[in-house]
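Novice: Before I ask anything, let me first share the structure, which is written out below as structure tokens.
Each value in this text was obtained by applying a stated rule to the coordinates, not by laboratory testing. Fair warning: this is a prediction, and the values are worked out from it, not measured in the lab. Heads up, the Cβs are rebuilt from the backbone with ideal geometry, glycines too, and the neighbour counts pull from every protein chain shown.
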Amino acid sequence: MIEVNLAGLEAFRPYLTEFVGAASKAMSYAMNRVIPGKGRDLYIKDLEAGTAFPPGYLDEARFGVTSLSSPDNLEVHFIARDRPTSLARFINGGGYAGERNVTVTVNPGNSRQLKGSFTVNLPAGNGDGEGSNLGLAIRLKPGQVLRNKKDVGGLVYLAKNVVLLYGASIGQQFAFTEEDDTPQVVDMIADEFYRQFVRLA
């Protein structure tokens with residue numbers, strides 16, 4: 001979870017110090033309008049440019065605002081799920097039970113066939129942590145250990161030599177884009193703040 005708090009930024013300090021009432025209302029309105037809207041859209045655009053999340057996967061529950069600001073508390077809390085993402089989410093064509101030597105696309109435009117992999121049915125909401133009943137697994141050979149295997153970010157053992165495969169979480173991917181995108185989001189909030197301040201002052 002990240003916290004967006006603009007009250008301490010120098011650009012806004014004179015307004016929040018000299019015109020407390022109107023400035024606080026204008027800032028709260030701007031944050032609550034921009035961050036869940038254009039700000040979130042920008043974050044999603046860049047996330048999807050780097051990771052081939054399936055359509056609709058970055059929903060409000062996995063990636064969105066959990067609490068809005070108020071004039072008395074100029075903070076917005078934003079969640080980016082830190083649970084690893086099942087590689088089954090990235091199977092080309094969606095996948096089906098019993099598929100073998102599965103091809104996945106984690107990075108847009110870069111597909112990889114995972115030799116020895118196969119899909120398995122899982123209890124809904126159990127095992128892969130995503131509520132899906134399809135998992136992507138691989139059977140290890142005696143003594144085989146997966147280390148630094150591209151596109152594989154985590155393992156969960158189904159049996160002694162059978163593991164479910166995972167990629168990075170939304171939160172991990174967000175960490176790569178958030179630093180570059182947030183200044184643009186702050187600029188959007190500033191533009192909206194000045195409009196609202198003129199209206200309220």
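Novice: Once phi is turned into θ = phi - 60°, what whole-Hz ³J(HN,Hα) does the Karplus curve with 6.51, -1.76 and 1.60 give for every residue of the range 158-174, x standing for Gly and Pro?
Specialist: 8, 8, 4, 10, 10, 10, 7, 9, 9, x, 5, 7, 4, x, 5, 5, 4
Novice: Just to verify a number: FRET efficiency for Ser111 and Asp191, C-beta to C-beta distance, R0 = 45 Å, to 0.05?
Specialist: In this case the efficiency is close to 0.65.
Novice: Can you compute 3J(HN,Hα) from phi for each residue in the range 195-201, using the Karplus curve 6.51 cos²θ - 1.76 cosθ + 1.60 with θ = phi - 60°, rounded to whole Hz and x for Gly and Pro?
Specialist: In residue order, the calculated couplings are 5, 6, 5, 4, 5, 8, 6 Hz.
Novice: For Asp82 and Gln184, what is the calculated FRET efficiency with R₀ set at 22 Å and r taken between the beta-carbons, to the nearest 0.05? Numbers along the way, then the final one.
Specialist: Details: r = 24 Å, r/R0 = 1.07.
Here the calculated transfer efficiency is 0.40.
Novice: Near the amide H of Val162, under 5 Å away, which other amide H atoms are found, from residues 5 or more places off or on another chain, if H is placed in the peptide plane?
Specialist: Leu140
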